[in-house]
Amino acid sequence: MSQRINSRVDRDTVDKSGPADGRAALRAANAIPEERILDAAYQLLLTIGMQRITMADIARQAGVSRATLYRRWGGVREVLGTLTTRVWTELAESAFPLAQAPDGRAHVVDGVTRLVAAIRVHPLLRKIIELDPDFLTPYLLKRRGTNTNHQLAMLEVGLRAGIADGSIRAGDPALLARAVLLTAWSFTLTGPVFVDAPEGAGEAVDRLDDELRVLLDRYLAPEAPSSPLNP
């Protein structure tokens, strides 16, 4: 009963307040840190999965009204989209630190391998695969998401640097970035299926990542110059 009363109060606040009250309510809602709401959504996702989360659940977990949520997002899927973007962006930026590796190719190969290893075991991805794998389908089969575009942009920067310093073969950085990211996705999502050990077995997956490193390094390496003895 109290939840229904609170919901009615929220609607009344939004629908019946005057201009001054409406502006005050908006300022109050905007003052609530987004991180607080996304942290609440994250805890719910790990607990009950994506499909069962409602805006009311998120509001209750974050200690805010539903009206506050709807001022920022159109629904649960938008909240979860913002959440996943936050998580994957943080992982990508950690995998590609500002401190450069000895050359551009090493920077890209090391960064991609670190990113694959980090995302593969992250609780968010494991819970999505366990309970809500359909969430991934549009991003695998139909369209690129914000996270994909961000990762491609980061790869292009690293690839351009490698081409410039001669450690990466000449080519279209955008095309190379797509090929590298497609390879990384296969090792991230399907890799655990291809190890002959229980899911998450460290040594088996580490060996697979060693092969990813070799694969990327050889794919990006410049072609050896030809010589009379080695045409």
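The values are calculated or read from the model by the stated rules, or taken from the named source; none is laboratory data. The structure presented is a predicted model; accordingly, all values stated were derived computationally and were not measured. As a convention, Cβ positions derive from the backbone with ideal geometry for all residues, glycine included, and neighbour counts pool all protein chains shown. Remember, those area values only see protein heavy atoms, side chains included, never the ligands or the DNA or RNA. Shrake-Rupley method; radii C 1.70, N 1.55, O 1.52, S 1.80 Å.
How much solvent-accessible surface does ASP110 expose, in Å² to the nearest 10, with a 1.4 Å probe and all protein chains in place?
40 Å²
Report, in debye and to the nearest 20, how large the dipole of the stretch 77-163 comes out about its Cα centre when Lys and Arg carry +1 and Asp and Glu carry -1 on their Cβ.
My answer is approximately 160 debye.
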